[in-house]
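Throughout, read-outs are computed from the coordinates displayed, never taken from laboratory work. A quick note: this is a predicted structure, and the numbers were derived from the prediction, not measured. Cβ placement follows ideal geometry from the backbone for every residue including glycine, while neighbour counts extend to all protein chains displayed.
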Amino acid sequence: MEAQKPNATKPAAAPKAKAKTQKSNAPGIKNASLVILACFIITATLYLFWFGAPSHFFAEGEIPADVPASMFFYDGEAHPHDIWGTIFMGGVIVPVLQCLFLTVIVLCVERWFALNAAKGKGDITKFVANIKAALVKNDFAAAKQLCQKQGGSVAAVVAQAINSYEEMDKNTVLSKEQKIANIQKSLEEATALEMPALQQNLPIVATMTTLGTLVGLLGTVVGMIKSFQALSASGAPDSTALSAGISEALINTAFGIATGAFAVIGYNFYTNKIDHLTYAIDEIGFSIVQTFAASH
């Protein structure tokens, strides 16, 4: 009997290879650094060629009477006459903040599609109930068919557990406790292979909650320094430099707050969705183990 134990436990290791093939059930962008680089190229291009375009600034011959002729901010162009030119006045930190903001949006959209694919085609609650009903009847074929129809990461984990359940049901060598332990191990391994795909890129979104605010604060401080320099200048304060510094400070503040707010909302929203999927996996796993224990 002792010589047969290794052979009897060998099939339990086979599901590990199957679980690995199911990692694609939660698709997504694997290399977020490429996303950040692409976002920076886009925002830098917009900053230079759109926000800084001469059309967003008063030409020298078009300066209104209430704008001093000395207010030339950009390559011979005067005071910005719309919001785009004002954003350009935020300085070189603006494209960095816009890059962070755009990265948060892209990764949140990416997680939306990835987690919807991981959830599968049908309602998770209904899927859990149908799997439980099939296991009570020991109808493995129906349970597997439900998993194939549902698709996604949750169904992949459940299918792996059902395969282990079926193998242990046919096993006549291992004890009941060993069989239950093998089913639980199969569930844990399949879940461990799926979870990294579900949580992928969320740590970057979480980092943006703090990074966006800090970079925005940096831009605010830089703008205020310029404003105080204008105030401390000898003679009458330079109103042009003062207004430019205040504009830079406020624009960077706005982008920093927006980036942090969107990142917090996105991170909490998708963490909640992952928790919902995890609870469904745990519920079905507990049901599978309990059903096996009650029927053997």
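Observations on the model:
- Computed from the C-beta positions of I41 and S175, the FRET efficiency with R₀ = 45 Å rounds to 0.15.
- With q set to 0.25 Å⁻¹, the log10 of I(q)/I(0) for the stretch 139-227, from the Debye formula over equal scatterers at the Cα positions, is -1.15.
- Residues E167, E194, E177, arranged from fewest to most other Cβ atoms within 10 angstrom of their Cβ, appear as E177, E167, E194.
- 30 Å Cα-Cα threshold exceeded, pairs from K149/K170; K121/K176; K137/K176; K30/K170; K149/K179; K30/K137: K121/K176; K30/K170; K30/K137
- Projecting the Cα atoms of T271, Q184, S247 onto the charge dipole of the stretch 105-295, computed from C-beta unit charges around the Cα centre, puts Q184 farthest toward the positive end.
- Longest to shortest principal axis, alpha-carbon extents of the stretch 105-295, angstrom: 96, 29, 18
- Assuming charge only on the beta carbon of Lys and Arg (+1) and of Asp and Glu (-1), the dipole of the stretch 156-209 about its Cα centre is about 60 debye to the nearest 20.
- Ordering L198, L102 from the fewest to the most neighbouring beta carbons within 10 Å gives L102, L198.
- Think of each Lys and Arg Cβ as +1 and each Asp and Glu Cβ as -1; about the Cα centre, that makes the dipole of the stretch 157-296 roughly 280 debye.
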